[in-house]
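Notes to accompany the following structure.
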Amino acid sequence: MNEDLKLNLRQQDRKGRNAAVARQIESWLETYRRLDNAPDEFIGADGVARAHWVRYFVAMARYSQRELAQRFANVDRHIRESGMSYRVYGETSERAWPLSRLPLLIEGAEWRQIEAGVIQRAELWERTLADIYGEGRIVAEGVVPAAAILGSDDFLRPLHHVSPAGGRWLRFYAADIGRGPDGRWWVLGDRAQAPSGAGYALENRLVFTRAFANLYRDLNIERLASFFREFRAGLAAAADRSEPRICLMTPGPYSQTYFEQAYLARYLGFLLVEGDDLVVRDGRTHVRTIAGLKRADALWRRVDSEWLDPLELIASSHLGVPGLIESIRAGQTVVANMPGAGLIESRALLGYLPAIADRLIGDELKLPHIATWWCGDPRAAADVLANFDNMALAGAFQDGPPGVEERRPVELAALPPERRAALREQVRQRGMDYVGQEVVRLSTMPVWQDGALSPRPFVLRVFVARTPDGWRVMPGGFCRISDRPDARALSMGEGVTSADVWIMADRPVDMTTLLPSGDNIRIVRQLGNLPSRAADNLFWFGRYMERCEATLRLIRAYCARTAEPGSAGANAAGVRARLQRLLIPRHAGEDGERAIADVAAHALHDPKLPASGLALARAARHAASIIRERLSHDIWRILGELETQLAAAHAPTEAETMDRCEDALQLLAALSGLVQENFNRVAGWSFLDMGRRVERGVSTAALARLFAERDATADNLELLLDLIDSQITYRSRYIAGVALAPVRDMALLDPYNPRSVAFQVARIAEHLATLPTLRQDGLMEQPLRIATSLQADIAVAEAAKLDAQKIAAFETTLSTLAIAIEERYFLQGKNAVSAEPMKGLG
Amino acid sequence: MIYDLRHVTTYNYEAPVASTLCALRLSPRESREQHVIDAGIDVTPAPVARHTRRDFFGNQVTTLRIEELHRELRVTSLARIEVHRAPQPHADLTPAWEDVRRDAMASRTLDARSPAHHIFPSRLAPLYGPATAYAAESFTAGRPALAAAIDLMQRIRRDFRYDPEATLVSTPLSQAFEQRGGVCQDFAHIMIAGLRGLGVPAAYVSGYIRTIPPPGQPRLEGADVSHAWVRVWCGPNAGWCGLDPTNALQVNDDHIEVAVGRDYADVSPIDGVILSSGRQKMNVSVDVKPVEPALV
């Protein structure tokens, strides 16, 4: 236990401020034991707590225990509500983000050494890539064997002898580092394919700042915002237009870090696009938008190189853009990082790096890395085989060869003898697939677990970006902590938590950089052109939301009709049967005699029923997940709540199911309110609203056809008014009770009833009129043509003269309109299939 | 030997196709042993954009874009080509395969000529333990590389059954290996995987082979097929030697090279993306006609 700290805490104690907390912290420290054979961030080798950690704990001691609990609860709530999540490969659902209570602390002076080291490394890799894809001097001069490079899948042959647009191979590089037993920071690995984690680091910071704003100020913690702004500026400067359109290219919602990608796109103001959204024309890359093709000047890619272009790389890829590589070769698209940059992640290169540094930058490496021997070199292989049992073995390139399939190195000492012998044979046979690495025990940091502090190993990812003024390091990073105390230093994998990383500046932190000065920002009210994919998903989000609401109303009506007195009457039974058919389409072995409560519960909760409340809520959430960067946290939160509610176990009675419908309808009403009030009224909202209107129009017309037929009973007409939520409007207008013509008028023709078909069509026509057109000749495009003609048709129709055929025609025309909207505005390439590969028959 | 080549590929689509983007590798390679006298590719409907380049391995690639609505796409590749191969080195005089492996590992260039491009697994010719073990039987200690490779080729010809129904283009190598059957592609991939498993550089070659009609029967037009075989690197002096495991032949003047790569994916004759939702049917006709000297 450190005396300074004790003293400090005692002083707090004497002042009477939060004495209990001071004692609390003291007791944590008493029980904190660093691991025997590993250095620790908090407690030095001499057993003394480090000064910057002392400063942190003393600052924490200002909060009462209750206050601390409350603030951490805020942190948890924010994480939950923001939908901060990640996906474990192969899983369909996302997991909530695990964030450690304690940050990793690094002193300013030490940080500057790390900064200098990773900047040197970024520059060295940049020159290495330029040399490998260019002149190849390091290979010709024997600094590195060709095979140590060519084993990487990321040596992209189509880019050999290509110079990148904007002149850079690397614009966003990351290094995983850890503190070695000698107290220095060591590089464990390099990331250049599409480094992830920066967005999570930013979100970690945001969450913590909300809860502990004062701490950041008092402890003089470096800010992250300017790093991202300068990265953006670097990318913008590389494009050849003054206000370039920058896209973040994502593999889509099923990628492991989709949350982060959507988050970064929103934070940086980039368009989030998938391969389908992009198209190459005349050598240039474009985004498909509702206003046609618009130039994409720069791409920040999160799609791995090999999947970028089905025409030149993996032919079966659906993540890429045909022709993209050609456009990159022609120097027409700035890409960060250039495809093929990922080859520097190969461990095979590490052993040669000091020599490469000497040749390309004439300098020694400022940060050491884990000693590595590529077994493709006979002498290195002999060394590794001679020390086999003390080594860690790993794949020399990205994918693990037999025996070391995992990404991380395998410690040979820990393996059973027969596996070790098999690996030894593998290394003898095909040494080029393996590297031997020295086993290094990295430092631990304290984490808060079960009411006490314990040491845990961690790895820190540091990010370096190319800016207009050279390389810049994010002052902070993405820290991953292993959940096992005995985890060997290198084996970080699943089961990690993350921690915010605080650089405790010894210089004043520049607060002004957080907001750009007002002068050089142009006021923009309309945010560019909406990508077709976003329009598509907004439209369907609207449709599913509306369809869900309609289903809930049907279930409610169904339950209500059984609860009312006199419901045993013949007519009531008929209505119920009709509703039941709407809710649960008849299928084999099922007749109308299912228990009422059972039908209602299925219609609400059964995920296998395509039109159940739950299935529709899920469909809505899925569509929303693809446009997550455009939706507020509130909308996302309510969608999550709606799904959770509907995913509950079946209710035993129809009365309870009805209550649940009411609750869900209230959530939907809240959602509509948010969409109506808080959604920016640009093109995106138009599509969402059109989706709702089309759906509402179609379903109202269909219900009118079913329940307001020529000889409809009063019961049926009442039911229709219920289902389209027009009871109150009707009663305020007609005192005499329900009759066919007025009900039909209210459902179909009344332009002032916000539930009528007429109203929906008028709104759709309004939206269409404000959307951009592709033609310059002033002629109407097909969707507007259909909407206008339908509007006129409804305007001249008379309720008394309507027949079933006419009502059905309204319904069909609306469906045609929906298809016309899809064809005009959404991805034309959606149905793209790849050409059948030709079979060689020799 | 001089040949007239005619390779016609026809796609028929169930639904009209609005747009096609494709890359063709159909033009024979020009090299010391092969001279392309004349070559051309004809496409209907006519492309709006067309561009020809050489890929990393020196194969000619024609990319094109069609924007016209079509139900049929026809690609016709025509070429007149003269083949005159130098004899392969005497197999027993090539260096020991272990030395070949070592030299490949020490290669000092990243250019297409480096054997190091062909010692690592590729997508369609991954490392496969049983294939490596199978190849190892031919590669006894110190055996000259070409002699060992020829032995492996002959064993494949003997042990594997030619069966066009046994595999599809998507059949994984392991399956073709286990069932001991397939077509030229499968044999080439299996041989490559075995060689690479031992660290011996092996490349994939696509092309054509002249078929000689049974005695007394006329040559049938369009009945020839596209073919595939292997190139093995036998050290810096002997260089690359072509071996055809389907026919157990050292590559000769009956073989016409079109493209070279790490596996089929690098040399696929037609890669493309069409915008359509319907089914497609493909038909291929190949004609390799020796030209009478008098006609040249």
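Each reported figure results from applying straightforward, stated rules to the coordinates on display, with no laboratory input. None of the values given here were measured: they were computed from a predicted structure. Glycine also receives a Cβ, built like all others from the backbone with ideal geometry; neighbour counts cover every protein chain displayed.
For the Cα atoms of chain A, what angle does the longest principal axis make with the long axis of helix A:532-563, in degrees from 0 to 90, nearest 10?
Helix A:532-563 and the main axis of chain A meet at about 50 degrees.
Which order, highest average first, do A:325-337, B:280-292 follow once you tally other Cβ atoms within 10 Å for each residue and take the mean per peptide?
A:325-337, B:280-292
In a shell of Cβ-Cβ distance under 9 Å around residue B:199, excluding residue B:199 itself, what net charge do Lys and Arg (+1) and Asp and Glu (-1) give?
The answer is +3.
Can you give the convex hull volume of the alpha carbon atoms of the range A:323-379 per residue, in Å³?
Convex hull volume per residue, Cα atoms: 142 Å³.
Sequence gap at least 6, Cα distance under 8 Å: using those rules, report the relative contact order of the range A:530-660 to the nearest whole percent. Spell out each step's value before the answer.
Values: 138 pairs, mean separation 43.4, N = 131.
Computed value for the range A:530-660: 33 percent relative contact order.
Out of all DSSP beta bridges in chain A, what portion is antiparallel? Express it as a percent rounded to 5.
Of the beta bridges lying entirely in chain A, close to 75 percent run antiparallel.
Using only Cα positions of the range A:680-832, each an equal point scatterer, no hydration layer, compute I(q)/I(0) via Debye at q = 0.20 Å⁻¹ and quote the log10 values to two decimals.
-1.18
Please report the relative contact order for the range A:198-324, taking Cα pairs under 8 Å with a sequence separation of at least 6, and give it as a percent rounded to a whole number.
Numbers: 168 pairs, mean separation 28.0, N = 127.
Value for the range A:198-324: 22 percent.
Please compute the contact order of chain B in relative form: average sequence separation of alpha-carbon pairs under 8 Å and at least six residues apart, divided by the residue count, as a percent.
Working: 666 pairs, mean separation 85.6, N = 296.
So the answer I get is 29 percent.
How far, in degrees from 0 to 90, does helix A:654-678 lean away from the longest principal axis of the Cα atoms of chain A, to the nearest 10?
Tilt of helix A:654-678: around 70 degrees.
Which distance in Å, rounded to a whole number, links the C-alpha centroids of the range A:226-266 and the range A:29-81?
Centre-to-centre (Cα) distance: 34 Å.
Quick check: the angle from helix A:570-583's long axis to the longest principal axis of chain A, C-alpha only, nearest 10 degrees?
30
Which values of log₁₀ I(q)/I(0), to two decimal places, follow from the Debye formula for chain A at q = 0.07 Å⁻¹ with a uniform point scatterer at every Cα?
-0.68
Taking θ = phi - 60°, what integer Hz values does the Karplus form 6.51 cos²θ - 1.76 cosθ + 1.60 yield along the range B:13-27, in sequence order, with x for Gly and Pro?
10, 5, 10, x, 9, 7, 7, 10, 10, 8, 10, 10, 10, 10, 8
Among the trypsin sites (Lys or Arg not before Pro) in the range B:54-123, which ones are in a DSSP loop with at most 14 other Cβ atoms within 10 Å of the Cβ? Mind listing them?
B:113
Let me spell out the model: positive unit charges on the Cβ of Lys and Arg, negative unit charges on the Cβ of Asp and Glu, origin at the Cα centre of the range A:371-438. What dipole size does that give, in debye rounded to 20?
Working: 8 positive and 11 negative charges, 20 e Å.
Computed charge dipole of the range A:371-438: roughly 100 debye.
Show me A:352-359, A:624-631 ranked by packing, highest mean number of other Cβ atoms within 10 Å first.
Details: A:352-359: 17.0, A:624-631: 21.8.
With the highest mean Cβ count within 10 Å placed first, the list reads A:624-631, A:352-359.
Starting from one equal scatterer on each C-alpha and no solvent at all, send me the Debye-based log10 I(q)/I(0) for the range A:46-197 at q = 0.17, 0.18 Å⁻¹, two decimals.
-1.17, -1.22
Applying 1/(1 + (r/R0)^6) with R0 = 22 Å to the Cβ-Cβ distance of residue A:318 and residue B:69, what FRET efficiency is obtained, to the nearest 0.05?
According to the calculation, E is roughly 0.40.
Is it possible to state the helix-based mean residue ellipticity at 222 nm for chain A, with each DSSP H run of 4+ residues giving -39500 (n - 2.57), the sum divided by total residues, to the nearest 500 deg cm²/dmol? What is it?
-14000 deg cm²/dmol
Would you please give the residues with an amide H less than 5 Å from that of residue A:500, counting only those at least 5 places away or on a separate chain, with H modeled from the backbone geometry?
A:100, A:104
Apply the Karplus curve 6.51 cos²θ - 1.76 cosθ + 1.60, θ = phi - 60°, to the phi angles in the range B:129-142 and return the couplings in whole Hz, x for Gly and Pro.
x, x, 5, 5, 4, 4, 5, 4, 4, 7, 9, 6, 4, x
If you take the C-alpha gyration tensor of the range A:371-438, multiply each eigenvalue by 5 and take the square root, what semi-axes do you get, largest first, in whole Å?
Semi-axes, largest first: 15, 14, 11 Å.
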